[in-house]
Amino acid sequence: MKSASSFTALAIRYGFLVLMAALIVVFSIAKPAFMTPQSAVFILQSVAITGILALGVTATLVVDGFDLSIGSVATSALMLSAYVQVVWGLGAFVAVALCLAMGAAVGLINGLLIVKGRIPDLLATLGMMFLLIGLQRIPTEGNSISTGMVLKDGSTATGTFSPNFLMLGRYRIDFVLPDLVPLSVVFLVIIAALMWVFLERTRHGRVMYAIGSNAQAAALAGINVNRYRILAYVISGVTASIGGILLAARLGRGDVGSGNNLLLDAVGAALIGYAVLGAARPNAFGTAIGALFVGVLLQGLTMLNAPYYTQDFIKGAVLVVALVFTFALSGRIGRG
Amino acid sequence: MANGAVTIRGLTKAFGRNTVLRGVDLDLPAGRVTVLMGANGAGKSTLVKVLCGVHGADAGEVLLAGAPFAPASPAQALRAGIVTVHQNINDGVVPDLDVASNLLLDSLAEGGAVFLNTRRMRAEARQIAAAVGLEIDVGRPVAGLSLADRQLVAIARAMAQKPKLLILDEPTSSLSMAEAERLFTLIERLRDDGVAILYISHRMSDIRRLADRIVSMRDGQIAGLFEDQPLDYAGAVRAMLGQEIAEMDIAIPAPGAPVLELRGLQLRPEARPFDLTLHENEVVAIAGLVGSGKTALAGVLFGLARPVAGEVMLDGRPHRPANPGAAVAAGVFMAAKDRRSNAVIPDFDIQRNLSLPFTRRHSGTFALMRGRSERATADATIATMGVVCQGPRDSILTLSGGNQQKVVVGRWLAEASRLLILDEPFQGVDIRARRDIGRRIRESAGNRATLVLCTELDEALEVADRILVMSEHTIIGEHRNENIDLAELTAEVAGTGPAMEKTA
């Protein structure tokens, strides 16, 4: 009985990491090309933008909230950065600054709607999602943005994406091999590290976890619960706009159709993160591993010639298994 | 008189190992208002829930008009004629529907024609409303009504069922005096129509206004029945609080400089203003029943509420905290009551629960937490409070209730405060933990003023230098904790003491 329950405890704690290691071993044996630096970087690059968004939504999950607007914030940042450079002809720095400000503003509005307007988080951010999806299409009358496009007043857009801006999505730094690691992966690693330190090691993160666990008790301990709730949505908005900037820089055009999957993939990664190390709660390390897990699985299966259209099914299945790990298993021996 | 009455014999109910009702015998005669009193956890609400079909009894029987009665569901109890108006008014009405639909809800729920005839419904609803003296446009949505009107709607709806027994669970807790008076008039009409009424309340003014008889509950049993006129209110309170109050040796130190001064503080529009001064090196307990205003006072001091009128001075300066954070910054700490909902962070270990209000103190550059400092404070608090645990990294939920309480009290003793408020610090705590916590509160009281709020008198006697009594949101009595006249103290708690008239 004792050994059975301690086995379950071990399985819950390390099960997901063991599963990921096993997948890597199996894929490497089946396809030796899987175990190369290029393949590893490809996986990282495929999950970089999703992962950055997922880290942001993790902050809102920590305070027992949810942000459904992250996908639309990212695509809005994509369209905004294209509009600023291509139509207005402004530079990379202005584009990036405006996108970050837009993300922070959306997060602030989300937070105020939830905290001051007392609108449930899912509904407020769902409304914001629809609003942004619509808003980003209005300036271009629903068209994608690229150099040479015809504007409303009949003139032609003459601006181009600044090379400095495109570098954010395309430049690769030398690591082991020359020109290996794209900047987006570097950003993912930096944001993951910062978010982990912020949530696990600073008093602000500590307080946010307290709010997520028992907001009433946190308030009675003298914590300004509303301010931290709003902060969480601002963090989420800013990270989502970073994701959008990187996406724009990679694509090099303001494409209205891109980024459809960002929301679901990011939320999935954050929820898979609950299962990592048996945390049973949102956490930055778990979110990063969750994003990576999906990337490893998809890359491996693609190399084994699994068809493209099965990907969403696989992601969904991984998510359900992870949630079982977290809630059904750990609930039994944990809080009961 | 026995007609329509409810008779309860040997009613027993346990939840797991916790026996809540231990053989309750009670008669509820028709045409009388029976007031039920009892401290938290005495078993009042469980008794009500058995009567209205939420819980089944383990043993014993209930006779309704002489016939055995064991409802399997609230709907069945309602059909049999037992109607309950719950404390939470919105349990009794559907806010989004209009008054007419609410009044007819029970008959609607039973089925009938597929389509509703609005005109006929409204006519029927008007009749029901008129029967209880409720003058209101039945076409209005309930969401637009005042709390008092909603409650009358809930009662009118219940009365449409021609009840034999009407149970009211603290119905006036959110009503103004004028609103409560309307409710009392209605209750008296129903009583005169021959309905048996079970009225649960802590408010002595309600009880004096309405009670034909008083039943006191304590520890799952009926501790006293009072029906001789005039009613012995102090006796009822004594029966409810218990008489086995232990004498404690309290050495009362000389109080220091004044810390907190309240001048003309008024907690509710209809409550009498009061003055109060708390000194350094002094532990003051405020005793009073639930709803007597203790928690309202704590709320004003801790930035959760604003007083109606009056001044609060802390160390000679005005103290008007906008929120608990501001109160803590000003040196006013509060360990809230109901630790499970108001104090414990269930996902955190002991150490993190302890450091929660003072994370800034344990963090350095870039707000990074300093683990060693946090750990040292946790170790010290665990040692001084006598928390029984493996170590500071244990989950808080692995602790017993008493040890959890030591953690949530110890949390606020780790830093120096000017005023420490402890709201029901002995709630749900065994006798040993209670002594530990009380001793620690007294030992640490030197450089601050300490205010302990408790419902149970023996807790106040164990911990305080001075005991104040609150009733009706004002202070009605003050006693130095030596050779206290217990009879007078309980009389004051019951709101019948001589001090009621003379205190300014």
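Check segment A:248-265 and report whether any residue there is within 12 Å of chain B (Cβ to nearest Cβ), within 18 Å of the chain's Cα centre (by Cα) and surrounded by fewer than 24 Cβ atoms within 10 Å (Cβ to Cβ).
Looking through segment A:248-265, none of the residues is within 12 Å of chain B (Cβ to nearest Cβ), within 18 Å of the chain's Cα centre (by Cα) and surrounded by fewer than 24 Cβ atoms within 10 Å (Cβ to Cβ).
Output the residues belonging to segment B:140-173 that are of a type in the set (Gly, Ala, Ser) and either surrounded by 14 or more Cβ atoms within 10 Å (Cβ to Cβ) or free of Cβ contacts under 8 Å to residues at least 12 places away in the same chain (or both).
The answer is B:Gly144, B:Ala148, B:Ala154, B:Ala156, B:Ala158, B:Ala160, B:Ser173.
Out of the residues in segment B:286-327 meeting the condition of being assigned to a strand (DSSP E or B), over 17 Å from the mean Cα position of the chain (by Cα) and buried (at least 18 other Cβ atoms within 10 Å of the Cβ), tell me which one is farthest from the other protein chains (Cβ to nearest Cβ).
Filtering first and then ranking leaves B:Val312.
Looking at A:Ala280 and the list (1) crowded, with 22+ Cβ neighbours inside 10 Å; (2) at pLDDT below 95; (3) within 14 Å of chain B (Cβ to nearest Cβ), which single condition is not satisfied?
Unmet for A:Ala280, out of (1) crowded, with 22+ Cβ neighbours inside 10 Å; (2) at pLDDT below 95; (3) within 14 Å of chain B (Cβ to nearest Cβ): (1).
Based on what the data block shows, is A:Gly295 closer than 21 Å to A:Ala193 by Cα and either surrounded by fewer than 24 Cβ atoms within 10 Å (Cβ to Cβ) or hydroxyl-bearing (Ser, Thr, Tyr) (or both)?
yes
With segment B:331-432 as the region, which helices (runs of 4 or more DSSP H) entirely inside it contain at least 3 residues that are surrounded by 22 or more Cβ atoms within 10 Å (Cβ to Cβ), under 27 Å from the mean Cα position of the chain (by Cα) and within 13 Å of chain A (Cβ to nearest Cβ)?
Hits in segment B:331-432: B:401-413.
Those residues that are surrounded by 22 or more Cβ atoms within 10 Å (Cβ to Cβ) and not polar (S, T, N, Q), I need them from segment B:449-464; list them, please.
Across segment B:449-464, the qualifying residues are B:Ala449, B:Leu451, B:Val452, B:Leu453, B:Cys454, B:Leu457, B:Glu459, B:Ala460, B:Leu461, B:Glu462, B:Val463, B:Ala464.
Looking only at segment A:134-156, filter to residues that are closer than 13 Å to A:Trp88 by Cα and among the small types (Gly, Ala, Ser); which one of those is nearest to the chain's Cα centre (by Cα)?
Residue satisfying both the conditions and the ranking: A:Ser146.
For segment B:28-59, give me each residue that is part of a strand (DSSP E or B) and crowded, with 18+ Cβ neighbours inside 10 Å.
Selection gives B:Leu28, B:Val33, B:Thr34, B:Val35, B:Leu36, B:Met37, B:Gly38.
Of the residues B:Val344, B:Val312, which single one is more than 19 Å from B:Ser400 (Cβ to Cβ) and β-branched (Val, Ile, Thr)?
Answer to the selection: B:Val312.
Here is a yes/no grid of residues against (1) at pLDDT below 95; (2) surrounded by 22 or more Cβ atoms within 10 Å (Cβ to Cβ); (3) closer than 24 Å to B:Asp349 by Cβ; (4) not aliphatic (A, V, I, L, M):
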| position | (1), (2), (3), (4) |
| --- | --- |
| A:Leu199 | no, yes, yes, no |
| A:His204 | no, no, yes, yes |
| A:Met208 | no, yes, yes, no |
| A:Ala218 | no, yes, yes, no |
| A:Ala221 | no, yes, yes, no |
| A:Asn224 | no, no, yes, yes |
| A:Ile235 | no, yes, no, no |
| A:Thr239 | no, yes, no, yes |
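List pairs: first in segment B:236-247 and within 10 Å of B:Leu457 (Cα to Cα) and surrounded by 24 or more Cβ atoms within 10 Å (Cβ to Cβ), second modelled with pLDDT under 75 and aliphatic (A, V, I, L, M), Cβ under 7 Å, 6+ apart or cross-chain?
Sorted first by the residue in segment B:236-247, then by its partner, the pairs are B:Leu241/B:Ala39.
The values are calculated or read from the model by the stated rules, or taken from the named source; none is laboratory data. None of these values were measured; they are calculated from a predicted model. Methodologically, a virtual Cβ is constructed for each residue, glycine included, from the backbone with ideal geometry; neighbour enumeration extends over all protein chains shown.
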